[in-house]
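Working notes, beginning with the structure itself.
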Amino acid sequence: MGPVDVPINNSHLSISAARFKKEPSLAKIYTLLLLTSLLIFSALSLSWIEEEITILYVEDDTETAKHVSETLLLFSKNILIASNTEEAYEFFINNDIHLLITDIEMPGTDGYQVASFIKNHKNLSHIPVIVNSSMTTDAVRGKMSQVGVDGFVGKTDISNLFKLTKKFLLR
């Protein structure tokens, strides 16, 4: 395999596969650079996004919430983060939410109950719900499907979360 050219600000970065083998950390950096570039390119192609779009992200793990919300900022400047379902309900009462992304396992009421509440509420059922969870068994997916969840993504699958977010905001 020959060198790979990556355009960066009107210049090119050329990296060969042989160099990756000698310097594994360079391969990791290149991969992150490429993924970041793709995310930014995809986000820039979303010129329809306005500041009025509000995404509610429900996640009790602060590190996960921080990383995922940074990605969500590519879609909107209005990212609300709730660390539990009680906070999520408050956000729904006080804000016009356009997309809900929720974990399943949380203290108190779980993400299943939040998704069920949204999908069964006559004034909220139109809001797309994406479940982002480490619980990815067929049984869990089936339970979420019965509730009417619009998308289900494994916790570490940021690429699919990005795609689903884009899909549901384009509706």
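The values are calculated or read from the model by the stated rules, or taken from the named source; none is laboratory data. Model, not experiment: these values are computed from the prediction. Note: ideal-geometry Cβ built from the backbone for every residue, glycine included; neighbour counts use all protein chains shown. Just the protein is used for accessible areas: all its heavy atoms, side chains included, with ligands, DNA and RNA removed. Shrake-Rupley method; radii C 1.70, N 1.55, O 1.52, S 1.80 Å.
Report yes if I53 is open to solvent by less than 70 Å² (accessible area, probe 1.4 Å), over 20 Å from D157 (Cβ atoms) and modelled with pLDDT of 85 or more, otherwise no. Against the criterion (open to solvent by less than 70 Å² (accessible area, probe 1.4 Å), over 20 Å from D157 (Cβ atoms) and modelled with pLDDT of 85 or more), I53 qualifies. In region 83-101, the residues that are of a type in the set (S, T, Y) reach residues that are at pLDDT below 95 with C-beta atoms within less than 6 angstrom, at least six apart or across chains, in these pairs: S83/D60; T85/G108; T85/T109; T85/V114. Each residue in region 123-135 was checked for being farther than 22 Å from D61 by Cβ, touching a residue at least 24 places away in the same chain (Cβ under 8 Å) and open to solvent by 60 Å² or more (accessible area, probe 1.4 Å), and 0 pass. Look at region 53-73: where a residue is free of Cβ contacts under 8 Å to residues at least 60 places away in the same chain and more than 13 Å from S83 (Cβ to Cβ) and a partner is open to solvent by 40 Å² or more (accessible area, probe 1.4 Å) and not polar (S, T, N, Q), sitting 6+ places away or on another chain with Cβ atoms under 7 Å, you get T54/D96; T54/H98. Listed by first and then second residue, the pairs with beta-carbon distance under 9 Å, at least 6 apart or on different chains, first residue in region 144-163 and closer than 15 Å to E70 by Cα, second among the aromatic types (F, W, Y), are F162/F75. Can you confirm whether I158 is within 18 Å of L74 (Cβ to Cβ), modelled with pLDDT of 85 or more, surrounded by 13 or more Cβ atoms within 10 Å (Cβ to Cβ) and under 11 Å from the mean Cα position of the chain (by Cα)? No. Tallying residues that are assigned to a helix (DSSP H, G or I) and either touching a Cys at 6+ places or on another chain (Cβ under 9 Å) or surrounded by fewer than 16 Cβ atoms within 10 Å (Cβ to Cβ) (or both) within region 72-86 yields 1. Criterion first (touching a strand residue (DSSP E or B) at 6+ places or on another chain (Cβ under 7 Å), open to solvent by 30 Å² or more (accessible area, probe 1.4 Å) and over 16 Å from E59 (Cα atoms)) does D138 satisfy it? It is false that D138 is touching a strand residue (DSSP E or B) at 6+ places or on another chain (Cβ under 7 Å), open to solvent by 30 Å² or more (accessible area, probe 1.4 Å) and over 16 Å from E59 (Cα atoms).
Cβ separations smaller than 7 Å between residues 6+ apart or across chains give the following pairs from region 109-122 residues that are assigned to a helix (DSSP H, G or I) to residues that are open to solvent by 60 Å² or more (accessible area, probe 1.4 Å): Y112/K143.
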